[in-house]
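The values are calculated or read from the model by the stated rules, or taken from the named source; none is laboratory data. None of these values were measured; they are calculated from a predicted model. Cβ placement follows ideal geometry from the backbone for every residue including glycine, while neighbour counts extend to all protein chains displayed.
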Amino acid sequence: NSPVEWWRESVIYQVYPRSFLDTNGDGVGDLAGITSKLDYIADLGVDIVWISPFFTSPMRDFGYDVSNYCDVDPLFGTLADFDALIARAHQLGLKIMIDQVLSHSSDVHPWFVESRQSRTNPKADWYVWSDPQPDGTPPNNWLSIFGGSAWQWDSRRRQYYLHNFLTSQPDLNFHQPQVQQAHLDNMKFWLDRGVDGFRVDACIFHFHDAQLRNNPPAKKQNTVSVAESNPYGLQAHIYDNTRPENLEFFKKVRLLLDQYNAVSIGEIGSDEALKVMAEYTADGDKLNMAYSFNLLTSDNSTQHIRAEVEAFEQLAAASNKAGWASWSVGNHDVNRVMTRWGGANATPEFAKVLLAMQLSLKGTPCLYQGDELALTEADLPYEALQDPVGLTFWPEMKGRDGCRTPIPWDATQANAGFSAGKPWLPVPAEHAAQSVAQQLQQPESALNFARHFIPWRKKIAQLTRGDIFFYDAPDSVLALRRDLAGYPSVLVVLNLSSNDVEFDLPVSAEYHDLSGHGLHGSASGGRISLPAYGAWFGINNS
Ligand code: TEU
Ligand code: CA
């Protein structure tokens, strides 16, 4: 009986550094800001802090375009600042997970600058280059997620290069073993500095079909394109991503990580995400965890949540027991869940039940900064937009700025305490009213609930480690049981709507109120009563 791996029992909290806390008044959050707020994060009771990219970058995609994998961008600080951050985090018992954007680099990365010089230089095949078709058009029909062809003409080399995202994010050629090795060396650099894990960006895009075959049309329009009007959704992406060679690369990553007791979580933006998640986390020798966009971009539907979790568990069981999901409902790429799922009238009570939901599913929850404050999606005018995706698809898709606005720390200070200068994105007036300082004063606030609930859940082994089983329940309700050998079963009933609900569950009177979580609801025998956004937790002590 091997001990449970620590990461399966952990809660991840994502920090988007630009918007966390600015300490030097330039309007952009920085590493020193994160360090100064690590106590705040530790007080939430989370275990792992995932920090979005802070590496040297021209910031065309706000850091997801790296020009030096082993240094800190001056905007965010220095390597010494990062060392201080790690040291403080470890003092507080927090693990630090950093982003690894391996699939592509920035076009100003020295690798790409060299690669584009000629067809014969030492890094000539470090990126994906191809001649045009005889009529001058791109080599095949692959498309960029961020719009247009995935191929960009380079007049210097007189060839096209591949980019799955922005034209300034050329795709690295993982078929070249030196590219893989360079990444592994850079990962080792950070592991030696003390990081505890990596979030692997857009990792299904590492490999492409070496023959550059055309993608076939999709059987039905898929949901992975950022906007409905983006023809990306009309193709089945079988040749431009998720190639089998990726599994071998992840095995190399795992061998390295295991030496440091460090872990990985992969971002799976695929139409067959659950299948890929199960495959990439199977056998305990590739990724540790993986997440999809399936709950990040969907509407509020308990049926959908249930279907996702059940389908993943089935797929993981079919491969083996090691497969492990991470469930998230918010991150820096999607509309804030309060608005997306709660609509205009959702109250902070909704944030509470959502947190309870995330922490009741089987898998490692990943929380996004500000969701603990019940922040809503910011409705920014076109003039305030920064995200290239919003600027491309406006107004159909307003981009990702609305979830990236600064954290409101204290409503009594300028810019709600985020920055003494002009913030890179405005602090919405309605967010200032939900500042950290203010919520700490309110016993019933969403923040105080999070600070209470996350540590509470951690003590209940069934909720961190148990198997999951769903009951049929009314539409807005999620009813599930967590079973762990040697422990009494725990029943969780969550109302994700603003209506009261009352219904019968086919469970007997042996379930008793499991108190201490801070949500409202009651049960008598199998009769469950939940107010708006209420929840009931029961335990079978018979
Ligand atoms: O996202 C990859 C990805 O799949 C997203 O493009 C996603 O489809 C979209 O944002 C949904 O709205 C990662 C990063 O999380 C994102 O911030 C980067 O822009 C992207 O990679 C390129 O590095
Ligand atoms: Ca700053």
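From the list Leu296, Leu315, Leu274, the lone residue that is modelled with pLDDT of 95 or more and assigned to a loop (DSSP other than H, G, I, E, B) is Leu296.
Of everything listed in (1) within 16 Å of ligand 2 (Cβ to nearest atom); (2) assigned to a loop (DSSP other than H, G, I, E, B), the single unmet condition for Thr35 is (2).
Matching residues to (1) polar (S, T, N, Q); (2) under 30 Å from Arg465 (Cβ atoms); (3) within 16 Å of ligand 1 (Cβ to nearest atom):
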{"position": "Arg8", "(1), (2), (3)": "no, yes, no"}
{"position": "Leu38", "(1), (2), (3)": "no, yes, no"}
{"position": "Ser52", "(1), (2), (3)": "yes, yes, yes"}
{"position": "Thr56", "(1), (2), (3)": "yes, no, yes"}
{"position": "Arg60", "(1), (2), (3)": "no, no, yes"}
{"position": "Asp73", "(1), (2), (3)": "no, no, yes"}
{"position": "His90", "(1), (2), (3)": "no, yes, no"}
{"position": "Ile96", "(1), (2), (3)": "no, yes, no"}
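Scanning the range 1-28 for residues that are within 16 Å of ligand 2 (Cβ to nearest atom) and more than 18 Å from Asp371 (Cα to Cα) returns Asp22, Thr23, Asn24, Gly25, Asp26, Gly27, Val28. Might you let me know whether the range 64-72 holds any residue that is of a type in the set (Asp, Glu), farther than 27 Å from Leu425 by Cα and in a loop (DSSP other than H, G, I, E, B)? There is no residue in the range 64-72 that is of a type in the set (Asp, Glu), farther than 27 Å from Leu425 by Cα and in a loop (DSSP other than H, G, I, E, B).
The strands (runs of 3 or more DSSP E) found wholly in the range 85-175 and carrying at least 2 residues that are touching a Gly at 6+ places or on another chain (Cβ under 8 Å) and more than 16 Å from ligand 2 (Cβ to nearest atom) occupy 95-100. Contact annotation: residue pairs with Cβ atoms under 6 Å, 6 or more positions apart or on different chains, pairing a residue in the range 92-107 that is closer than 18 Å to Asp192 by Cα and of a type in the set (A, V, I, L, M) with a partner that is within 16 Å of ligand 2 (Cβ to nearest atom) and modelled with pLDDT of 95 or more, are Ile98/Ile51. Looking at Val49, is it at pLDDT 95 or above and part of a strand (DSSP E or B)? Spelling it out, Val49 is indeed at pLDDT 95 or above and part of a strand (DSSP E or B). Regarding Asp467, is this residue free of Cβ contacts under 8 Å to residues at least 24 places away in the same chain and under 16 Å from Ser360 (Cβ atoms)? Against the criterion (free of Cβ contacts under 8 Å to residues at least 24 places away in the same chain and under 16 Å from Ser360 (Cβ atoms)), Asp467 does not qualify.
For the range 188-214, a residue qualifies if it is part of a helix (DSSP H, G or I) and either surrounded by 24 or more Cβ atoms within 10 Å (Cβ to Cβ) or not assigned by TED's automatic domain parsing to the domain that holds Asp81 (or both), and the qualifying residues are Cys203, Ile204, Phe205. Taking the numbered list (1) in contact (Cβ under 8 Å) with a residue 60 or more places away in the chain; (2) under 28 Å from Gly390 (Cα atoms) in turn, Leu256 passes all entries but (2). What about Ala150, is it buried (at least 21 other Cβ atoms within 10 Å of the Cβ), in contact with a strand residue (DSSP E or B) (Cβ under 7 Å, 6 or more places away or on another chain), assigned by TED's automatic domain parsing to the domain that holds Ala273 and not hydroxyl-bearing (Ser, Thr, Tyr)? The answer is no for Ala150.
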